[in-house]
Amino acid sequence: MNASKTAVICDSGCDVGRKAAEHFGITILQLMVNYKSRSIGDLDLLDEDPVYVYRHFDEEIPKTSALNIAEVKDTAEKLLSEGYENIITVSISSAMSSTFNTMSIAMRDIEEEHPGVKTFAFDTRNISIGAGAFAVYAGWALGRGISFDDVTELLKQKILDSDLEFYMDSLKYLRIGGRITPAVEMVSNILGIKPIIKCTEEGVYTTAAKIRGSKKGVEKLVDLILDPAKGIDPKHDWFMLMNGDAVDFAKRARERILERYADARIMLDHQIAPTMAINTGPGLLGICRFSLKFPEKGQFSEGLKTAYSRFLAEEELETFTE
């Protein structure tokens, strides 16, 4: 337990993974994958068969269901009973999921029912590990003794510091999930154009680039993430790779990143959660760069700035491949 006795909760759509969650003290609430014959949690399905949804798409494209207030509150109550006194929740974009609203309501209830407990529900305005990076960051900061109030302020000031972009072989599943129109998919198929997608500052999908053919997908994605104009600092940036039944894409991306920055910190490298896979399909690669730099804005003490600089100087590479 960290010094401020602050728990971090995120949803499984944040793609943190079990190993990183355990290391950084993060509690993951599972989104559900619903087949006609059964329902199973994201992490449980990953444990059972990481590529199950892809192998059964021809039979059935399952539905997904979000969290409910009761299960969020039950988890919070359990954490409080274990000695935690504050709670931070991290969720995928409120523009694409009800999870943030659910967590917000649950946290308001917790504060009303437990006077003195402080909570903070954070809308990352991002998806997958672009959102999960904030949960990892919160756990990292809390583990270094940074207070609840300072961590919540850091999260707010670093909202634009998580840069996730991803490439997909097919837009079919985004169309089925209602994320794009049939016309957009049809034009992409006719012209052989494949987009690289990211989230806007408002937390909705937008096209970052368009390419022709999958061979260019990985290279273009790496180029976008490592754009020198973004101020790449490999010693103080985290890189995180997510693949959707595309291990070869992830391997090639890792090689390309390390060719340019041999000391790049590739922290996470694993298969995306099934609830994310349902909406993206096979042949997906996502790369996230999260900057650890101290924010220029915000009300922070000089003592915290000094300590933060020391944390960065002492930081060691940590990797979690699942």
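The values are calculated or read from the model by the stated rules, or taken from the named source; none is laboratory data. In this text the structure is predicted, and so the values were computed from the model without any measurement. Because the Cβ atoms are built from the backbone with ideal geometry, glycine has one as well, and the counts that use them run over all protein chains shown.
Out of 306, 319, one residue alone is among the polar types (S, T, N, Q), outside the structural domain of residue 152 (by TED's automatic domain parsing) and more than 26 Å from residue 157 (Cβ to Cβ). It is 319. Within the option set 253, 262, being outside the structural domain of residue 135 (by TED's automatic domain parsing) and surrounded by fewer than 18 Cβ atoms within 10 Å (Cβ to Cβ) holds for one residue only, 262.
In segment 1-21, the residue that is nearest to residue 280 (Cα to Cα) out of those that are among the small types (Gly, Ala, Ser) and within 14 Å of the chain's Cα centre (by Cα) is 13. Residue count for segment 119-140, restricted to those that are more than 19 Å from residue 86 (Cα to Cα) and part of a strand (DSSP E or B): 0. Within the option set 106, 76, 70, being within 16 Å of residue 9 (Cα to Cα), touching a Lys or Arg at 6+ places or on another chain (Cβ under 7 Å) and not polar (S, T, N, Q) holds for one residue only, 106. Taking the criterion of being of a type outside the set (Lys, Arg) and out of contact with any strand residue (DSSP E or B) (no Cβ under 9 Å at 6 or more places or on another chain), the residues of segment 70-100 that qualify are 70, 74, 77, 81, 83, 98.
In this structure, residue 281 qualifies as touching a strand residue (DSSP E or B) at 6+ places or on another chain (Cβ under 9 Å) and either on the phi > 0 side of the Ramachandran plot or at pLDDT below 95 (or both). Return the only residue of 315, 296 being at pLDDT below 95, surrounded by 14 or more Cβ atoms within 10 Å (Cβ to Cβ) and more than 19 Å from the chain's Cα centre (by Cα). The match here is 315. Of 217, 281, all but one fail to be farther than 19 Å from residue 15 by Cβ and buried (at least 22 other Cβ atoms within 10 Å of the Cβ); the exception is 217.
Within segment 119-162, restricting attention to residues that are under 21 Å from residue 225 (Cα atoms) and β-branched (Val, Ile, Thr), the residue that is surrounded by the most Cβ atoms within 10 Å (Cβ to Cβ) is 129.
If you filter segment 92-118 down to residues that are aliphatic (A, V, I, L, M) and not in a loop (DSSP other than H, G, I, E, B), you find that the one that is surrounded by the most Cβ atoms within 10 Å (Cβ to Cβ) is 103. The numbered conditions (1) in contact with a strand residue (DSSP E or B) (Cβ under 7 Å, 6 or more places away or on another chain); (2) under 21 Å from residue 300 (Cβ atoms) are all true for residue 153 except (1). If you go through segment 22-31 one residue at a time, do you hit one that is of a type outside the set (Lys, Arg) and more than 23 Å from the chain's Cα centre (by Cα)? Among the residues of segment 22-31, not one is of a type outside the set (Lys, Arg) and more than 23 Å from the chain's Cα centre (by Cα), which makes the answer no. Of the listed requirements (1) closer than 30 Å to residue 60 by Cα; (2) part of a helix (DSSP H, G or I); (3) modelled with pLDDT of 90 or more, residue 175 misses just one: (3).
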